[in-house]
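The values are calculated or read from the model by the stated rules, or taken from the named source; none is laboratory data. Remember, predicted model here, so these are calculated numbers, not experimental data. Don't worry about glycine lacking a Cβ; one is built from the backbone with ideal geometry, like all the others, and counts go over all protein chains shown. Only protein heavy atoms, including side chains, enter the accessible area calculation; ligands, DNA and RNA are left aside. Shrake-Rupley method; radii C 1.70, N 1.55, O 1.52, S 1.80 Å.
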Amino acid sequence: SDGIILYSTDNYEGKTIDTVTAEDFDQNSYHETDLKTSDSVKAGDDVYSIITDERWSLLIPLSEKQAEKLKDRSTIRVKFQKDDMTQTGDFSIITIDGERYGQIDFNKGLIRYASDRFLDIELVTNTSTGLKILLSSIVIKDFYVIPDSYATTDPQSGATGFMLATKTKSGKAATTFKSASIYASIEEKSSSGSSEDPVSNDYVDKSSFKEGDAIVNPDTGEKYVIGETDTLQGVYCINKGYAVFRCIEVLDQNEEYAIVAKNTSYGLSRYDHIVRNADQVKEQDILY
């Protein structure tokens, strides 16, 4: 949001909060007056402003959605984009020319912004903590959904995969180990609310199988026909020089960034390198 600064001098053309109008928020119509000139001055000319109080206010325009979300707040934390500093102020909603605005009152920090009329800020309205990523890094990808009970490990290579149902040359039923990367294992919610052991589903890259392939449970011999699909949100991790999909759990987001959970299974950790613009990359692309 862009906010107007008001404080206790005549720097704002003698205006108070009560005399601000909606037109004052138009940055295109604002013209800054520089009092630091080499010209001679006469008695009574403005040379500088004296700030006699550290109390100051910031007014920001609010949409209907923002006003509804913030209506019960009495304080709010603000991040100033100018210097990345944060500060908490008293918050209230006022009406100017029929439009609603947020009024944030501070009692310190004015010295950092006294030369500004407008400030670009971010309202910190949640306490979600995690990894901050750009929304442009997020991609949606389709996967086959396979019950986790069908997953197995190849005793020779130690790779994770599934037993693909095949046939011998004579037509007899057989199985072949098929390695496959698992991108997420998500517990299936029971609609009945029973206390039975939860069932997990593995999300497997669609390039690993074809629709209609059958896999065999290594313990029970049951077959499962591959076909069910679902999507995951994720990013492309490039720690090894090529793009690898990692699923993410979004905790919160705004118009530009998202906060995602860290150290999740199959997810991201601090210091991972990810692609900035996911729409320009495909899985396994080599990136230098």
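For Thr175, which sequence-distant residues (separation of 5 or more, or a different chain) have an amide H within less than 5 Å of its own amide H, given hydrogens modelled in the peptide plane?
Close amide H contacts, sequence-distant or interchain: Thr166.
Given Lys141/Lys262; Lys167/Lys206; Lys108/Lys262; Lys82/Lys282, which pairs have Cα atoms separated by over 27 Å?
Table pairs above 27 Å Cα-Cα are Lys108/Lys262; Lys82/Lys282.
For segment 121-269, what D do you get in µm² per second when you plug the Kirkwood radius from alpha-carbon pairs into Stokes-Einstein at 10 °C and 1.306 mPa s?
Approximately 90 µm²/s, per Stokes-Einstein.
Hey, what D do you get for segment 70-151 in µm²/s if you plug the Kirkwood alpha-carbon radius into Stokes-Einstein at 4 °C and 1.567 mPa s?
After rounding, the answer is 78 µm²/s.
Give me a comma-separated list of calculated 3J(HN,Hα) values for segment 95-103, in order, Karplus coefficients 6.51, -1.76, 1.60 applied at θ = phi - 60°, integers in Hz, x for any Gly or Pro.
Listing the rounded values in order: 10, 10, 6, x, 10, 9, 9, x, 10 Hz.
Roughly how big is segment 179-278's charge dipole about its Cα centre, with Cβ charges of +1 (Lys, Arg) and -1 (Asp, Glu), in debye to the nearest 20?
Values: 9 positive and 17 negative charges, 115 e Å.
Magnitude of the dipole: close to 560 debye.
Asp213's amide H: which non-local residues (gap 5+, or another chain) put their own amide H closer than 5 Å, with H modeled 1.01 Å from N in plane and none for Pro or chain starts?
Ile226
What list of ³J(HN,Hα) values in whole Hz, one per residue of segment 264-276 in order, does the Karplus curve 6.51 cos²θ - 1.76 cosθ + 1.60 (θ = phi - 60°) give from phi, with Gly and Pro shown as x?
Once θ is set to phi - 60°, the couplings for segment 264-276 become 8, 4, 6, x, 9, 10, 4, 6, 4, 9, 10, 6, 6 Hz.
With every protein chain left in place, what is the accessible area per residue of segment 205-277 in square angstrom, probe 1.4 Å?
Value returned for segment 205-277: 62 Å² of accessible area per residue.
Just how far, in whole angstrom, is segment 200-268 from segment 115-154 if you go by their alpha carbon centroids?
Spelled out, the Cα-based centre of one part sits 14 Å from the other.
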